[in-house]
Amino acid sequence: MSRADLEVRGVSKSFQRSGRSIQALDNVSFSVSRGSVTGLLGPDGAGKTTLIRIAAGLLLPDAGGCSVLGLDAAAESLAVQSRIGYMPQRFGLYEDLSVQENLDLYADLQGVPKTLRPERFEDLSRMTGLGPFVKRLAGRLSGGMKQKLGLACALIKLPELLLLDEPTVGVDPLSRRELWEIVYNLVQERSLTVLLSTAYMDEAQRCEHAVVLYEGRLLGQGPPSEFVEAARNRTFEVQPSGPPRALQARLAGDPKVVDASITTGCVHFVTAKGVQPSALDLPVAAEPREPSFEDGFMILLHQARRAEGTHLEQGAIRRHPGQAGESIIKVRGLERRFGDFYAVQDLSFEVGRGEIFGLLGPNGAGKSTTFRMLCGLLPPTGGRLEVAGYDLRKAPSKARKRIGYMAQKFSQYGQLSVRENLRFFSSAYGLAGKERKDRLAWALNALNLETSADANAGQLPFGVKQRLALACALMHQPEILFLDEPTSGVDPLARRAFWRRITTLSEQGVTIIVTTHFMEEAEYCDRMLIMMRGRLLALGAPDEIRGDAASIEEAFIRLIESRREAA
Amino acid sequence: MESLRRLLALVVKEFLALLKDPKSRTVVVIPPLFQTLVFGYAATFDLNNVPYAVYDEDGGAAAANLRANIEGSPNFQLVRSLDSDHDIPDLINSRKVALVVRIPPTFTRDINDNKAVVQAIVDGRNSNTASIVLNYLTEIITSFNNERMEQRGQSPPSRLAPRAWFNENYLSQWFFVPGIVAVVTMVVTVLVTALSVAREREQGTFDQLLVTPLRPLDILIGKAAPGFLIGMAEASVIVLLAVYWFKTPLRGDLLALYIGLVLFLFSAVGIGLMISSFSVTLQQGLLGMFIFAVPAVILSGFATPIANMSPAVQYLTLINPLRYILIIIRGVFLEAAPLRLLWPQLWPLAVIGLVSMVMAAWMFRRRIY
């Protein structure tokens with residue numbers, strides 16, 4: 001084995017948060033060998049960021065230590081920092097400075113000699129493709145471009161070890177692919193050592209070594225193939241005759257099944273140890289399939305925690321009158337202009353009652369803008385839109401009672417307790433008396449919020465916050481539920497649970513509009529709309545969009561690339 | 001009925017959000033009390049223990065008598081007796097003394113001819129302090145003169161018999177403490193209101209609020225209520241402090257005081273809402289509050305009389321709600337002014353309150369998305 005550039009030895013770290021102690025890392029050990037790419041995987045709150053910050057010498061561990069390039073990260077942090085590149089989750093780009101000014105600033109900060117700079121800048125702008133944009137303000141770049149600029153700033157001094165904290169979070173698949181290419185080129189050309197954290201399972205498969213963290217503990221490590229092998233002979237796929245969602249939901253609720261998901265119109269599932277698919281009472285015979293890293297990851301995670309109750313029982317939402325299939329949302333020639341920039345242009349579509357409708361697209365494609373216009377949060381500059389028969393912006397407040405809204409960021413009141421939040425939102429929607437009491441009890445029970453009912457919402461773990469957000473959106477039993485990137489930053493297990501709830505709601509006749517970055521989630525939608533540069537790129541059912549491509553993501557990248565070539 | 005319940009829920013939520021957060025709870029309670037106490041003691045026109053030096057070149061009995069008179073005054077504190085005029089610049093430049101009294105060598109001789117002169121050298125850097133110091137000194141000289149005349153069996157040809165109304169002992173605390181009621185209440189109210197919307201925007205909760213059936217007007221009222229109620233409570237506490245702690249006489253009608261406060265708080269809340277409608281972050285809200293509050297206090301007559309300001313600035317003060325409420329509060333406290341005498345202050349306050357609320361509602365509606 002080659003020399004280790006980073007060695008983590010028995011690192012523990014806990015934080016005090018409002019009187020409670022949170023164990024962020026618990027006796028974690030692993031090493032990263034020179035010239036390799038190591039992936040740090042785990043759900044939100046697993047301790048990935050803490051670990052990376054300790055390795056960068058920015059935090060002191062409570063116990064254990066890190067040696068970085070032969071130096072002790074805690075004792076010689078300055079020496080360590082001068083030899084590594086570190087890109088935090090939200091890289092400190094100065095949004096009011098241009099790309100070039102940001103690069104200059106970081107070159108100054110890191111003491112890169114003036115004579116070396118032209119060559120470095122040349123190199124970096126070639127790698128990142130930022131060349132044409134050097135004069136643009138960093139704040140005006142798209143999400144993917146910002147990440148590339150952040151990476152360029154971290155690389156300005158040619159570090160020996162590169163620490164990347166979720167570099168691809170919130171970045172569209174195409175930009176994600178490009179970021180990976182940059183990293184790999186560096187590893188090959190300069191034998192750079194890289195440690196990066198990620199929530200994307202397919203990215204783990206690109207690493208040479210994977211380290212899986214869960215609630216501060218090391219669950220497993222090794223080459224990704226080892227994780228894949230652990231799932232061998234337990235992975236199957238089945239193609240039901242009807243829509244795969246119902247079968248997926250049933251399998252996901254089965255204790256004999258570790259994981260079930262929808263991919264390319266099939267239900268993929270992983271069985272519990274020793275369970276054959278014949279024991280599952282399937283409508284169609286299941287075929288064995290090649291396991292993936294995600295399967296192995298799900299098995300590990302499944303062992304580590306008991307799945308939370310994920311089902312919303314029937315009757316969570318009263319059935320709404322109206323015919324399934326009739327159009328509940330109508331959009332005609334929608335347009336939104338900011339100055340002379342068209343965020344959305346000439347967009348038309350309809351959503352039928354009870355559908356799960358996905359809004360997809362890369363960063364800056366206009367899906368958030370569209371979403372905000374549908375919710376009545378942003379006035380369109382042209383075109384017409386109708387949600388449940390109203391333009392919500394001008395609609396009487398009664399009309400807004402028919403929709404539920406869950407924002408991308410946590411948008412409940414952090415200082416208020418779970419119960420107080422639920423009380424406020426139920427009253428804001430006009431619930432009172434017994435109905436309000438019943439719904440409150442329902443929300444606490446159905447979304448597993450009872451244990452944290454009196455905790456301040458701001459201090460809850462991410463997953464609980466998300467359940468609270470969903471509860472608040474469902475208190476008044478809306479006909480239409482708007483979800484803005486509900487699953488970004490959520491680990492696969494919680495993501496599955498979330499979709500199971502959404503599926504249940506849809507079965508009860510709720511229309512669901514969802515935006516997402518995760519292309520695999522598009523498979524859960526009845527129909528989807530893919531946007532690009534403010535315009536409609538594709539609209540249809542997953543099967544239609546996928547066509548002959550291997551996956552929605554593949555189809556998506558193809559579509560975008562063909563459009564970019566045309567442009 | 002339903003919209004009323006919704007509104008109530010919003011107001012309750014605003015209070016919870018404000019009071020459950022230890023930081024904002026502290027901001028609402030501690031600084032106002034602290035400011036009231038500090039200002040109550042610190043903000044005063046009275047000067048006590050003014051440091052001064054004496055350069056007595058005369059050394060005679062009359063000079064000694066005058067020196068004793070100055071030394072005996074509670075307003076003055078002798079720092080040094082000088083032997084030459086050489087040290088005077090140093091003492092004044094270094095602010096060791098604010099005044100040097102120089103008694104010329106001929107003082108005792110000249111005094112019997114009624115032509116003695118005493119020189120006073122004053123630090124004029126703060127013109128206000130300087131003139132107060134001179135006033136004190138003039139009073140001492142006058143009584144010194146009167147004393148001498150009485151000793152000779154004479155009396156001065158005329159005499160001033162001053163009688164101050166309302167503030168009989170010229171206590172500047174009586175002037176300032178009622179003013180603090182208005183200033184502190186305004187700052188807290190504008191702050192609470194300005195930051196409540198900015199906080200929601202910054203934390204991303206505002207969108208969630210906008211998609212509920214609450215109408216913009218409901219949200220406006222919900223945001224206005226906590227500032228208004230907290231301002232009212234704050235004002236009441238400071239009034240109590242003024243009366244029971246600082247012993248400022250409250251001679252007038254509480255009803256008149258509260259009518260004034262209600263109108264004043266309307267303006268303060270309206271201004272707070274206007275600030276909040278264009279601030280996206282807490283920082284911007286805070287900045288907006290300062291941009292408003294500092295000139296509002298300076299141009300209000302809180303410390304310096306409006307009549308002394310240049311005419312253009314005097315016109316500007318006409319839109320300052322603080323200007324009117326200060327007259328009302330001082331009027332009620334010291335003058336026992338009845339409502340009808342306060343009418344010239346009340347109606348402009350009502351107009352400012354109405355205009356600021358309407359403008360806030362308009363801006364809020366426009367900037368809400």
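No lab work stands behind these numbers, since they all come straight from the coordinates. What you see is a predicted model, and the numbers here were worked out from it, not measured in a lab. Please note: Cβ atoms are built from the backbone with ideal geometry, for glycine as well, and neighbour counts cover all protein chains shown.
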statement: So for the range A:358-444, using the alpha carbon gyration tensor with a ≥ b ≥ c as root eigenvalues (a/c under 1.5 gives rounded; past that, a/b versus b/c decides prolate or oblate), I'd call it oblate
- prompt: What are the DSSP H helices in chain B that stretch 27 Å or more along their long axis, judged by alpha-carbon atoms, and whose average Kyte-Doolittle hydropathy comes to at least 1.6?
  reply: B:254-278
statement: About its Cα centre, the protein assembly as shown carries a charge dipole, from +1 on Lys and Arg Cβ atoms and -1 on Asp and Glu Cβ atoms, whose size in debye to the nearest 20 is 2320
message: Please arrange A:153, A:66 by how many other C-beta atoms lie within 10 Å of their C-beta, fewest to most.
response: A:66, A:153
query: Measuring from label point to label point, each 7 Å out along Cα→Cβ, what is the residue A:435 to residue B:115 span in nm?
result: 10.1
message: Suppose each label sits 7 Å from its Cα in the direction of the beta carbon; what would the residue B:358-residue B:251 distance come out to in nanometres?
response: 3.8
message: How big is chain B along each principal axis, measuring the range of its Cα positions in Å and listing the largest first?
response: 91, 45, 39
- request: Could you list the square roots of 5 times each eigenvalue of the Cα gyration tensor of the range B:50-151, that is, the equivalent ellipsoid semi-axes, sorted largest first and rounded to whole Å?
  value: 22, 16, 11
- request: Determine the gain in length on full extension of the stretch residue A:304-residue A:12; use 0.36 nm per residue of separation and subtract their C-alpha separation, reporting nm with one decimal.
  value: 103.2 nm
statement: Of every Cα-Cα pair in the range A:228-304, the percentage lying beyond 17 Å is 35
- request: May I ask you to derive the FRET efficiency for residue B:126 and residue A:338 from their Cβ-Cβ distance with R0 = 35 Å, giving the value to the nearest 0.05?
  value: 0.05
task: Give, rounded to the nearest 20 debye, the magnitude of the charge dipole that the range A:228-304 has about its Cα centre when Lys and Arg contribute +1 at Cβ and Asp and Glu contribute -1 at Cβ.
output: 160
- request: Rank the residues A:193, B:44 as a footprinting-exposure proxy: fewest other Cβ atoms within 10 Å of their Cβ go first.
  value: B:44, A:193
query: Taking the Cα centre of the range B:50-151 as the origin, how large is its charge dipole in debye, to the nearest 20, when only Lys and Arg (+1) and Asp and Glu (-1) carry charge on their Cβ atoms?
result: 260
- line: Least to most buried among A:184, A:413, by other C-beta atoms within 10 Å and fewest first, runs A:184, A:413
Top positive-direction residue, dipole computed over chain A with Cβ charges, set A:275, A:506, A:375: A:375
- request: Count neighbours as other Cβ atoms within 10 Å of each site's Cβ, and list the GluC sites (Glu not before Pro) in the range B:80-188 that are DSSP loop with at most 11 such neighbours.
  value: B:168
- prompt: Can you give the calculated 222 nm mean residue ellipticity of chain A, where each DSSP H run of n ≥ 4 adds -39,500 (n - 2.57) and the sum is split over every residue, rounded to the nearest 500 deg cm²/dmol?
  reply: -9500 deg cm²/dmol
task: Could you tell me which of the pairs A:114/A:146; A:148/A:367; A:13/B:20; A:401/B:13; A:48/A:146; A:148/B:223 are separated by over 31 angstrom between their Cα atoms in the structure shown?
output: A:148/B:223
- request: Using the Kyte-Doolittle scale, find the helices of chain A whose mean hydropathy is at least -1.0 and whose Cα atoms extend 24 Å or more along the helix's long axis, counting only whole DSSP H runs.
  value: A:173-190
field: Extent along principal axes [Cα atoms of chain A; Å; largest to smallest]
entry: 70, 60, 52
query: From the residues B:192, B:42, B:31, which one has its Cα farthest along the dipole of chain B in the positive direction, the dipole being from +1 and -1 charges on Cβ of Lys/Arg and Asp/Glu about the Cα centre?
result: B:192
query: Roughly speaking, what is the stretch gain from residue B:48 to residue B:77, that is 0.36 nm per residue apart minus the C-alpha to C-alpha distance, in nm to one decimal?
result: 9.6 nm
field: Theoretical gain in end-to-end length, residue A:564 to residue A:188 [0.36 nm per residue, Cα-Cα removed]
entry: 132.5 nm
query: residue B:20 to residue B:318: FRET efficiency via 1/(1 + (r/R0)^6), r the Cβ-Cβ distance, R0 41 Å, to the nearest 0.05?
result: 0.50
- request: Excluding residues fewer than 8 places away in the same chain, name every one of the lysines whose C-alpha is closer than 28 Å to that of residue A:273.
  value: A:256
task: Report the calculated FRET efficiency for residue A:550 and residue A:158 (r = Cβ-Cβ distance, R0 = 41 Å), to the nearest 0.05.
output: 0.65
message: Between residue A:117 and residue B:307, what is the label-point separation in nm under the 7 Å Cα-to-beta-carbon projection?
response: 6.4
- line: Residues of the range A:422-450 with backbone N under 11 Å of the label point set 7 Å from the Cα of residue A:217 along Cα→Cβ are none
